[in-house]
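Written out below as structure tokens is the structure these notes cover.
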Amino acid sequence: MLTRARSALARLAFPVVAVVALLALVTPAPAAAQKQTVVIYTAIENEQIAEYKKAYEKTLPNVEVKMLRFSTGDISARFMAEKDNMQADVIWGIGATNVLQFKNAGLLEPYAPKGLARIQPLFRDKANPPSWVAMDIYMSAFCFNTETGKKHNLPKPTSWADLTNPVYKGHVVMPNPASSGTGYLSVASVLQRLGEAEGWKYLDALDKNIAEYTKSGSKPCKDAAAGERAVGVSFEYVALEMKKKGAPVEMVLPKEGSGYEIEANALTKKGAKNPAAKQFLDWAISDESLKLVSQFFAAVSVPGFPVPEGLPKDISKVVYKNDFDWSAKNRDRILAEWQKRYAK
């Protein structure tokens, strides 16, 4: 009798187990385990993104990042054009000058990421909560190819003034400020330092020596590294990177002062309701993220990180101050004047 009872229980147990297994297959996973998508627009260099990607994918396993990367001018134009049908949730590593334009156009949602109290005042919007928070400073720098210079009997330039010397005619390449944040920071810095009247005179003289205006801010230095040009007006990260790779390039920080810009992050109006967007922005100013950023730049938004070898320990001694509000408010006017004078 007992044996028959156990046998009957065994027959009953099988279908129960089968049903449980079947339910496990068809029942959806908890919402918390499902990935949330965040669409990010950025102008950060591809080589840097590859390093950051390893970190955020490990730290934010529930976030699926869809990244669109273009030069600053192109990504900014796209974002502004999409204002009535916004696609981006997050702006990441776009020049503060452009991000201020986004704020003034009403395209951003104020957000205070975790760890905001650690951020130095220069690296954040003055409003509370801020519309943008930045990660680092990048500076204009010249890349001088010593071999190409020797071939054409060219001295190493040490200043902005040197670049107008007729000896450099056809040997200088510079980014187009309409498409490149690096190009715009260089132009805006010249106009602020000299005043607009003298600044445009200087740019007229510089234009006589320019072989090409490139779309990308990093391309002039890469061209110089390849020996295609003797001098590339670019920014310090690319100069150091080309030198590390063995190119015969010297980085020059012009003695009058380098123009500079800060790479800023922001939450868009579309991203305001996306928890993954806020998670990413929290990560972007975390110690983990800024430790990676500090491998590329001399100044990051939280003090205390080591400065990469080859860069100045105190950048306040090598940069010319940038009035970001002025740069943002006058950007369209400056670019229109630049195009009228130099677009070919």
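Residues in segment 130-139 that are of a type in the set (Ser, Thr, Tyr) and in contact with a Phe, Trp or Tyr (Cβ under 6 Å, 6 or more places away or on another chain): Tyr138 only.
Could you please find all residues in segment 101-129 being under 21 Å from Asp323 (Cβ atoms), out of contact with any Phe, Trp or Tyr (no Cβ under 6 Å at 6 or more places or on another chain) and not in a loop (DSSP other than H, G, I, E, B)?
Quick first cut of segment 101-129, residues under 21 Å from Asp323 (Cβ atoms) only: 101-105, 108, 119-127.
The next check asks that each one be out of contact with any Phe, Trp or Tyr (no Cβ under 6 Å at 6 or more places or on another chain); those that pass are 101-105, 119-124, 126-127.
Within segment 101-129, Gln101, Phe102, Lys103, Asn104, Pro121, Leu122, Phe123, Arg124 meet the criteria.
Give the number of residues within segment 241-276 that are within 30 Å of Asp162 (Cα to Cα) and not charged (D, E, K, R). Of the residues in segment 241-276, 14 are within 30 Å of Asp162 (Cα to Cα) and not charged (D, E, K, R).
Of all residues in segment 68-81, those being surrounded by fewer than 16 Cβ atoms within 10 Å (Cβ to Cβ) and closer than 21 Å to Tyr111 by Cα number 1. In segment 82-95, the residue that is most open to solvent (accessible area, probe 1.4 Å) out of those that are hydrophobic (A, V, I, L, M, F, W, C) and assigned to a loop (DSSP other than H, G, I, E, B) is Met86.
Criterion first (in contact with a strand residue (DSSP E or B) (Cβ under 7 Å, 6 or more places away or on another chain), among the acidic types (Asp, Glu) and surrounded by 24 or more Cβ atoms within 10 Å (Cβ to Cβ)) does Glu250 satisfy it? When the stated conditions are applied, Glu250 does not pass them. Entry remark, segment 142-171: residues being open to solvent by less than 20 Å² (accessible area, probe 1.4 Å), under 22 Å from Gly183 (Cβ atoms) and in a loop (DSSP other than H, G, I, E, B) number 3 in total.
Residues in segment 189-213 that are under 17 Å from Lys340 (Cβ atoms), small (Gly, Ala, Ser) and open to solvent by 40 Å² or more (accessible area, probe 1.4 Å): 1 in all.
Being open to solvent by 50 Å² or more (accessible area, probe 1.4 Å) and under 27 Å from Gln36 (Cβ atoms) is true of Pro275.
Here Tyr342 passes the criteria (1) surrounded by fewer than 22 Cβ atoms within 10 Å (Cβ to Cβ); (2) among the hydroxyl-bearing types (Ser, Thr, Tyr); (3) under 20 Å from Ile137 (Cβ atoms); (4) touching a residue at least 12 places away in the same chain (Cβ under 8 Å) except the one numbered (3).
Looking at segment 253-272 only, could you name the residues that are within 21 Å of Val39 (Cα to Cα) and surrounded by fewer than 21 Cβ atoms within 10 Å (Cβ to Cβ)? Within segment 253-272, Lys269, Lys270, Ala272 meet the criteria. Screening Phe102 against (1) within 24 Å of Ser189 (Cβ to Cβ); (2) open to solvent by 40 Å² or more (accessible area, probe 1.4 Å) leaves a single unmet condition, (2). Among the residues of segment 49-67, none qualifies, meaning not one is at positive phi and either open to solvent by 40 Å² or more (accessible area, probe 1.4 Å) or not in a helix (DSSP H, G or I) (or both). Can you find a residue in segment 110-130 that is open to solvent by 10 Å² or more (accessible area, probe 1.4 Å) and under 27 Å from Tyr213 (Cβ atoms)? Within segment 110-130 (the criterion being open to solvent by 10 Å² or more (accessible area, probe 1.4 Å) and under 27 Å from Tyr213 (Cβ atoms)), the answer is no, since none of the residues qualifies.
Scanning segment 214-236 for residues that are open to solvent by less than 50 Å² (accessible area, probe 1.4 Å) and in contact with a helix residue (DSSP H, G or I) (Cβ under 8 Å, 6 or more places away or on another chain) yields a total of 13.
The values are calculated or read from the model by the stated rules, or taken from the named source; none is laboratory data. What you are looking at is a predicted structure, and each value in this text was computed from that prediction instead of being measured. All Cβ positions, even for glycine, are placed from backbone atoms using ideal geometry, and neighbour counts span all protein chains on display. To get the accessible areas, we keep the full protein, side chains included, count just its heavy atoms, and leave off ligands, DNA and RNA. Shrake-Rupley method; radii C 1.70, N 1.55, O 1.52, S 1.80 Å.
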